[in-house]
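A.B. asks: What follows is a structure written as structure tokens; I'll ask about it next.
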């Protein structure tokens, strides 16, 4: 069989199969959550009200229904870019206007990013200003939304265009082994961003104030010392200006590591519960989950760049995905975009393995937190966060295995002895 036709058929088959599985899983989730909407699961009957349980179910159902529409729309857009010729049309239009040099290639990447962003915006707006608003989570104003959009667009252009230009230059100038050089540059830039992001990028969008509660600071500092962890500082982020959802996280790399608490988290948890949540995050570091994930990223991206290096020289790679390569110019930007569009289609069915590994890591971090603080305190904190964030207590088990990066509440809290 002609390799171009074989790629077209394989791409279409994986796309249709993936779309069918996504709809099947989403429908299972909707039916399962709706069926259990009117009864709080027995292990939670004494701690979660029926009103809170119903709110979580309704929130999950609302997001799932929007997600179904978005899934169908994304598949149609993907077909439009590839087999229906959208990317080919955009490439040829820009080539006629700008020629086939570096400027045209950067313009192709930029135009693709802008168009994709515009197509995704209606769903983002609906989720934020309708779904999140309806359930009392949205704190974002239209002014702040536009400000965030302007900042992220300018920042994306300032960082993304030079990186893209460097990668494209390497693809054209570094010979057959360009992909190895490009991989090294890409990984170096990712590590640099881990250092730069907490200090220079994140403050463009949020305010970070040093933790002022001296009692809580002493508890947190003692916990970190007990666990052998050092951070550059403890900060409180004004997450409440965008959302009522609560969280805490570590950010940065090496000496730039810092602990960040959402102000909404500190308002809802007791000091002991904050300790337990922080200990959970420390557990990820103690078990080297972060290092393992970075190493996996390095390995997978190396394979990806190597595969791209091979595919970029095959005409059937372009034609099989609906694009006619430039006969008298570079096709490096085309190869990058086609690769980024096609890879998720062919790797979708690997996602349950990644989700399973992530859930395993979460259990390990929970166990570490229970050893260092209190399993009951962590369970109490998680239960508050599940309820406050309207996370359903009755997800479909198959949906969980395919998508959930964190264990469902029933499994997680049962292991901690917080329910049951």
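The values are calculated or read from the model by the stated rules, or taken from the named source; none is laboratory data. Computed from a predicted structure; not experimentally measured. Glycine also receives a Cβ, built like all others from the backbone with ideal geometry; neighbour counts cover every protein chain displayed.
A.B. asks: Confirm whether residue 64 is crowded, with 17+ Cβ neighbours inside 10 Å, without any contact (Cβ under 8 Å) to a residue 60 or more places away in the chain and assigned to a helix (DSSP H, G or I). Outline the logic, then answer.
C.D. replies: Details: crowded, with 17+ Cβ neighbours inside 10 Å: yes; without any contact (Cβ under 8 Å) to a residue 60 or more places away in the chain: yes; assigned to a helix (DSSP H, G or I): yes.
Criteria met by residue 64.
A.B. asks: Go through region 1-15 and report how many residues are surrounded by fewer than 13 Cβ atoms within 10 Å (Cβ to Cβ), assigned to a helix (DSSP H, G or I) and in contact with a helix residue (DSSP H, G or I) (Cβ under 9 Å, 6 or more places away or on another chain).
C.D. replies: Going through region 1-15 one residue at a time, the tally reaches 2.
A.B. asks: Would you confirm, using the coordinates I've provided, whether residue 357 is surrounded by fewer than 17 Cβ atoms within 10 Å (Cβ to Cβ) and in a helix (DSSP H, G or I)?
C.D. replies: So residue 357 fits the description; yes.
A.B. asks: Another question about this same structure. Given (1) closer than 21 Å to residue 8 by Cα; (2) without any contact (Cβ under 8 Å) to a residue 40 or more places away in the chain; (3) out of contact with any helix residue (DSSP H, G or I) (no Cβ under 6 Å at 6 or more places or on another chain), identify the lone condition not met by residue 80.
C.D. replies: Looking at each condition in turn, residue 80 falls short on (3).
A.B. asks: Check whether at least one residue in region 196-210 is surrounded by 13 or more Cβ atoms within 10 Å (Cβ to Cβ), assigned to a loop (DSSP other than H, G, I, E, B) and over 25 Å from the mean Cα position of the chain (by Cα), and report yes or no.
C.D. replies: Among the residues of region 196-210, not one is surrounded by 13 or more Cβ atoms within 10 Å (Cβ to Cβ), assigned to a loop (DSSP other than H, G, I, E, B) and over 25 Å from the mean Cα position of the chain (by Cα), which makes the answer no.
A.B. asks: A further question follows. When residues of region 40-54 are filtered for being in contact with a helix residue (DSSP H, G or I) (Cβ under 9 Å, 6 or more places away or on another chain) and surrounded by fewer than 19 Cβ atoms within 10 Å (Cβ to Cβ), how many remain?
C.D. replies: Qualifying residue count for the region: 5.
A.B. asks: Can you say whether residue 337 is buried (at least 17 other Cβ atoms within 10 Å of the Cβ), modelled with pLDDT of 90 or more, part of a loop (DSSP other than H, G, I, E, B) and in contact with a helix residue (DSSP H, G or I) (Cβ under 9 Å, 6 or more places away or on another chain), as far as the supplied structure shows?
C.D. replies: Criteria not met by residue 337.
A.B. asks: Further, regarding this structure: Only residues that are in a helix (DSSP H, G or I), in contact (Cβ under 8 Å) with a residue 24 or more places away in the chain and surrounded by 14 or more Cβ atoms within 10 Å (Cβ to Cβ): list them for region 120-140, please.
C.D. replies: Hits for region 120-140 are 123, 126, 127, 131, 132.
A.B. asks: Are any residues in region 167-184 surrounded by 17 or more Cβ atoms within 10 Å (Cβ to Cβ) and free of Cβ contacts under 8 Å to residues at least 24 places away in the same chain, and if so, which ones?
C.D. replies: Result: 170, 181.
A.B. asks: Quick one: in region 84-101, of everything that is in contact (Cβ under 8 Å) with a residue 24 or more places away in the chain and surrounded by fewer than 17 Cβ atoms within 10 Å (Cβ to Cβ), which residue is nearest to residue 162 (Cα to Cα)?
C.D. replies: Taking the candidates together, the pick is 101.
A.B. asks: When you check residue 391 against the structure, is it surrounded by fewer than 20 Cβ atoms within 10 Å (Cβ to Cβ) and assigned to a loop (DSSP other than H, G, I, E, B), yes or no?
C.D. replies: yes
A.B. asks: Name the residues in region 90-140 that are under 16 Å from residue 336 (Cα atoms) and at pLDDT below 90, would you?
C.D. replies: Matches in region 90-140: 100, 101.
A.B. asks: Looking only at residues in region 312-334 that are under 14 Å from residue 83 (Cβ atoms) and not in a helix (DSSP H, G or I), which one is modelled with the lowest pLDDT?
C.D. replies: 324
A.B. asks: Among the residues of region 379-387, are any modelled with pLDDT of 90 or more, in contact with a helix residue (DSSP H, G or I) (Cβ under 6 Å, 6 or more places away or on another chain), crowded, with 17+ Cβ neighbours inside 10 Å and within 21 Å of residue 39 (Cβ to Cβ)?
C.D. replies: Initially, region 379-387 is screened for residues modelled with pLDDT of 90 or more, giving none.
For region 379-387, residues modelled with pLDDT of 90 or more, in contact with a helix residue (DSSP H, G or I) (Cβ under 6 Å, 6 or more places away or on another chain), crowded, with 17+ Cβ neighbours inside 10 Å and within 21 Å of residue 39 (Cβ to Cβ): absent.
A.B. asks: Could you tell me which residue of region 228-261 is surrounded by the most Cβ atoms within 10 Å (Cβ to Cβ), considering only residues that are under 22 Å from residue 295 (Cβ atoms) and at pLDDT 75 or above?
C.D. replies: 229
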